[in-house]
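Structure first, then comments.
Please treat every number below as a calculation from the coordinates, not as lab data. These numbers come from a predicted model, not from an experiment. Cβ coordinates were reconstructed from backbone atoms using ideal geometry, including for glycine residues, and neighbour counts include every protein chain displayed.
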């Protein structure tokens, strides 16, 4: 368990610096910026899920009063192939075609043209005046259909990647991936019990409350500034430069406050359009998506079809497992099948396994990252199968997982040996939690599931400025989605030995701080936190040097303790300690202002495991689920600000429960999404959920100065299966497909009778 | 939002004059009560220009009167006002429950029962509740007020019996006899912020022995309009509203329903659930009538 470390600020729960502006409405989000002479940009979207574009004519729109710009695919440079970069990832040419269709539209809602006008109503009228001729094709709407031999092709140049040899004909399978170890057949022969399952989960959206929005302006010299809500303004800058053929130095991106992203704001949609419309019109252009646009044309996560088979001895020891995981990519390659394949068996010791995963094109929006991309769907499959296995073995589901849990030194199914991890600690904490043994109301059920996510490091930069009174300004390059400014302030205060209240953190734009990868991959508190700590250590080194000069001793004769420079033990100097404030006050005499900085590519992101316990009951006459209780146990390594760790755990549980119970993209036979709004795309509302109990387990990450593990993604991995297993427990009926919506559950209950 | 002109007449006659003038010139005029449906439509569904005629300045449309023989609720009275009226809650708990299901607290500060009725959505929650308690529409027209039972008011999905130049000024509800109570239940997959997949309103009267002497049952969201299901009422009358009677009423509702399969539910699901709701609502109404 966690070492006893005496931290002064780490682990406290101060108020976040951005809180007051957010609760009073002062905070500026993506759509809040207005500039003089600004135009409104709008997008014309495809009415077809699959069609060839024969022609696009914007001339009538351009001729209208009040319309200053109109663009279509032909106005964009042809983007070369190559990695776009960033968490959303993918091929530059694909991202370019997703932002504005060229020869083909690949989903209903795909952008085909855009206009900029003096008002939104004129822009709407201009869109109506654009003539587009389509040659409508048959849409391919689910992963099984898309993988069939005779399926219509989205891309005639798509040859499955990662096969030993290039296939002789194109298909909708963009790529495959395999992971294997041992001998699966022998493993299953050695099993006393084998369970199998076939699981379907439809496409689901992150459901962030703030729709995408940006404002762009470009001057006659070709220098552009873009304000937008984004998880990574540096990567948005790079993507926009690539899509428009611009010089990176001519693009300045300023990240607004962000009303949720969850991975969905890691790729550009509007920003290149706004810059191009601004260039054509000579005026600033603001673009805002509607909620309908967000559903139809931004990246949800993959719908999946997964098959899992697991064998075990009577004592619960797993002997073999196989997984077949097919992920919908949407219109362009890049489904999170890799992480799915790497996560599916990651929590368990397995001698023999085989995993096969597929990245499949379908005529639906191109998927984007969504918290632990690919993992929840794969975890749902294995965690439901393990629940069935525990029932057959008459074994406690936590005991079954404990029996097979990975720990330090285990060779992970995805390759490396695990360093110190906290899975067993999470399982033990869940088992000991009073909620696990609390009696259930009549007819209710309890489900358990585990979750895993790697977390990432990547590049971060930070600067620390010491003001003339010793107060501290931290500049980072990561948009603050989950309270990271507060965490940066805590880590800076702890490192420097000053009060939390004397530290402020701000998110710099692309011209005022060093490059930083996206806020994503649960990396910010870990990696940007490391940069902030290093920048503070830079300050401390400078302070020691200045104290040494002041005292006339050597630098190594000075130490930094509790926020002040003191003589090292044994150093014979009759001097008063110098605090940060003292050194700042005399900085003009000792070499000028104090500025610390660090930039790094963080290594050693610690994996985070979770165990969830879900209590619910099902109305047997309507199929409606009431969630009675939910307990999230997760290894945070070290919780820098426990409120925001719990916030991540509760948020992930809420989204996971929504996905499990009611959320789904519903398409008609033409590929038109039928529920593109929050009325019928049912994320949970506050009254749908109980208070989510959190238990933070702390098994420090040895690679981080304070032991931080990323915590943002793991929380969404286990809830899908936890809810499914609780439904099984409550009703006696196993439903493998999600969502566990009332019609599906009632049908299953009635069929079982 | 679409372009519109706005007028706020202060008398019924003035309001009728505006409607008549528009009708005669072939121009579009639309009544605004709470606006919770209308503003959404203007913003996203139908942005064609029109004149908005606000009835919130009309005294008659703001009147709530719990009288000796009947109750009158003006068409501009917000749900929040009704929800806080203890007399009304006592008399028509089912109707007030239905009104309280629509929208959040903030929306209820504007939303009206009359608006819910005129909007004529198949899933409107107050419509089956109004039909169950025998509510009557009071319609203002140039030739004086006319009255029409609520079950005859809605003519189809989004259409009602109002003629050009007419508007709904309020609802009249006969006072319930002794040992009478109503109840309304709807099904939604969530707890809030949703639209009925099915709904059922029941009003019934018990005699001193606990036998049901009169009943009205109405179901919503399972046909183009809310239905008055007399077969379900017949299944309750003459019984003590026991489990058998409830099951018979439920079966009658399932049989009367002619739902569609859509993103909110299947035909089979809606048929079954509307029966369950009828059964549960009737049991609540029975218990209330006994109390």
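Shown here: region B:45-184, whose C-alpha atoms stretch 49, 36, 29 Å along the first, second and third principal axes, sorted largest to smallest. Take A:172-179, B:42-49, B:212-219, A:264-271 and order them by the average number of nearby Cβ atoms within 10 Å per residue, most first; the result is A:264-271, B:212-219, A:172-179, B:42-49.
Calculate the length of the line joining the C-alpha centroid of region B:217-270 to that of region A:709-753, in whole Å. Cα centres, region B:217-270 to region A:709-753: 30 Å. Shape analysis of region B:189-264 yields a ratio of the Cα radius of gyration to the Kirkwood radius, Rg/Rh, of 1.05. Counting every other Cβ atom within 10 Å of each residue's Cβ, A:81, A:354, A:704 order from fewest to most as A:81, A:354, A:704. Against chain B, whose longest principal axis is taken from its Cα atoms, helix B:267-290 shows a tilt of about 80°. Once you sort the root eigenvalues of the Cα gyration tensor of region B:4-54 as a ≥ b ≥ c, which label holds: rounded (a/c under 1.5), prolate (a/b larger than b/c) or oblate (the other case)? The shape class here is oblate. Rounded to the nearest 10 degrees, the angle from helix B:12-24 to the longest Cα principal axis of chain B is 70 degrees. Can you bin region A:312-352 into rounded, prolate or oblate? Criterion: square roots of the alpha carbon gyration tensor eigenvalues sorted a ≥ b ≥ c, rounded for a/c under 1.5, prolate for a/b above b/c, oblate for the rest. Prolate shape, in that a/c is at least 1.5 and a/b is the bigger ratio. Using the Cβ-Cβ distance between residue B:65 and residue B:192 with R0 = 41 Å, the FRET efficiency computed as 1/(1 + (r/R0)^6) comes to roughly 0.85. Look at B:137, A:426 and count the other Cβ atoms within 10 Å of each Cβ; fewest to most, that gives B:137, A:426.
The modelled label-to-label distance between residue A:192 and residue A:52, using points 7 Å beyond Cα along the C-beta direction, is 6.3 nm.
Apply the a/c threshold of 1.5 to the C-alpha gyration tensor of chain A and tell me whether it is rounded, prolate or oblate. Oblate.
Each part gets one Cα centre, and for region A:583-604 versus region B:193-212 those centres are 73 Å apart.
For chain B, the Kirkwood radius over C-alpha pairs fed into Stokes-Einstein at 10 °C and 1.306 mPa s yields D = 82 µm² per second. May I ask for log10 I(q)/I(0) of region A:355-451 at q = 0.14, 0.19, 0.23 Å⁻¹, from a Debye sum over the Cα atoms as equal point scatterers with solvent left out? Calculated log10 I(q)/I(0) at the listed q: -0.73, -1.12, -1.37.
Cα centroid separation, region B:134-169 to region A:197-222: 46 Å. Shielding value for A:665-672 is 1, the average number of Cβ atoms from other chains within 10 Å of each residue's Cβ. Model label points for residue B:242 and residue B:3, set 7 angstrom from Cα along the Cα-to-Cβ axis, are 6.9 nm apart. Sorted ascending by nearby beta carbons within 10 Å, beginning with the fewest, A:7, A:68 become A:7, A:68.
Across peptide B:263-273, the average count of Cβ atoms from other chains found within 10 Å of a residue's Cβ is 5.
Restricting attention to chain A, close to 75% of DSSP beta bridges with both partner residues there are antiparallel.
The angle between the Cα long axis of helix B:243-256 and the main principal axis of chain B comes to about 40°, on a 0 to 90 degree scale.
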